[in-house]
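The values are calculated or read from the model by the stated rules, or taken from the named source; none is laboratory data. Since this is a predicted model, take the numbers as computed values, not measurements. Ideal geometry is used to build each Cβ from the backbone, glycine not excepted, and the neighbour counts take in all protein chains shown.
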Amino acid sequence: MTSRRENQNPPERQRGSVTLRGGQVPAATTDQRLLDSRGPNDWVHADPWRVLRIQSEFVEGFGSLAELGPAVSVFGSARSGPTTAEYGSAEKLGGALAEAGFAVITGGGPGVMEAANKGAREAGGVSVGLGIELPFEQGINQFVDIGVNFRYFFARKTMFVKYSQAFCVLPGGFGTFDELFEALTLVQTRKVTRFPVVLIGTQYFGGLVNWLRDTVVHDGKISPEDLDLITLTDDVDEAVRIVLEADAGRGRIAGTGLPAQ
């Protein structure tokens, strides 16, 4: 029979800043489970351990890209083959951005991402790929100079925004739309400023822009001026010009990270 005193004073253990009592007190300590290889290994999949993995992804990403200098992220479909129009546009865009002094950041995969990385490298620029662990992903493409692989989408997406001065978006699927609308949300809410978002492909994206104007703005879900956050074009040179103008307005000389005179 349990005494009243035992009920008033249940077992207690401190685990860092957390106090555990009663049935929440584990049978073994954390360091015991770490050092005892015979014990269960489920703890490596628990939330506190995931926090350390998440932290390590941010540290690795920040450490790898901190000295990158001005950069532009290019998004688009992994399914676009070398004979498609968007592959050719992405390759031309990667080269033009590199010649303008920008590093080119992509998701590191095939298709549009590969094309942009290829164009940047062949133009003598820095080619970056931020990969993601997926059940069907092919890994970092061969044209990447700096490649960082992530487990978590949110850590990867932070690197795209933190180290980019602009997003250039070519035809793509859900992943491309995810990055596009995240960027638009951050600019709309002024989490980032002077951050152009350029859609390259009027035939592909025209219907989307029309829907935003005719339905989303019309219904009052966004303001008419929110559409000014998007530039729609087929002209790679225009896309690069928009990026350069935004970078000049930011007060830096592209390719140097130095303030404009």
Exercise for the section: Please work out which one of (1) in contact with a Leu (Cβ under 7 Å, 6 or more places away or on another chain); (2) buried (at least 23 other Cβ atoms within 10 Å of the Cβ); (3) part of a helix (DSSP H, G or I) is the condition G94 fails and give its number. Expected result: (1)
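Out of V240, V192, V198, I need the residue that is in contact with a Ser or Thr (Cβ under 7 Å, 6 or more places away or on another chain) and closer than 17 Å to S73 by Cα. Which one?
V198
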Exercise for the section: Keeping to region 78-113, report how many residues are of a type outside the set (G, A, S), closer than 17 Å to D247 by Cα and over 20 Å from the mean Cα position of the chain (by Cα). Expected result: 1
Problem - Count - residues of region 233-242 that are in a helix (DSSP H, G or I), out of contact with any helix residue (DSSP H, G or I) (no Cβ under 6 Å at 6 or more places or on another chain) and farther than 14 Å from V187 by Cβ - result: 4
Exercise for the section: Considering only residues that are modelled with pLDDT under 85 and loosely packed, with under 13 Cβ neighbours inside 10 Å, look in region 231-261 and name the one that is farthest from S89 (Cα to Cα). Expected result: Q261
Completion exercise
Across region 78-91, the tally of residues that are crowded, with 23+ Cβ neighbours inside 10 Å and in a loop (DSSP other than H, G, I, E, B) stands at 1
Practice task
Evaluate region 111-119: report whether one residue or more is assigned to a loop (DSSP other than H, G, I, E, B) and free of Cβ contacts under 8 Å to residues at least 24 places away in the same chain.
Solution key: no
Handout entry: Cβ-Cβ under 7 Å pairs, at least 6 apart or on other chains, region 147-169 side surrounded by fewer than 16 Cβ atoms within 10 Å (Cβ to Cβ), far side of a type in the set (K, R)
Key = R151/R53
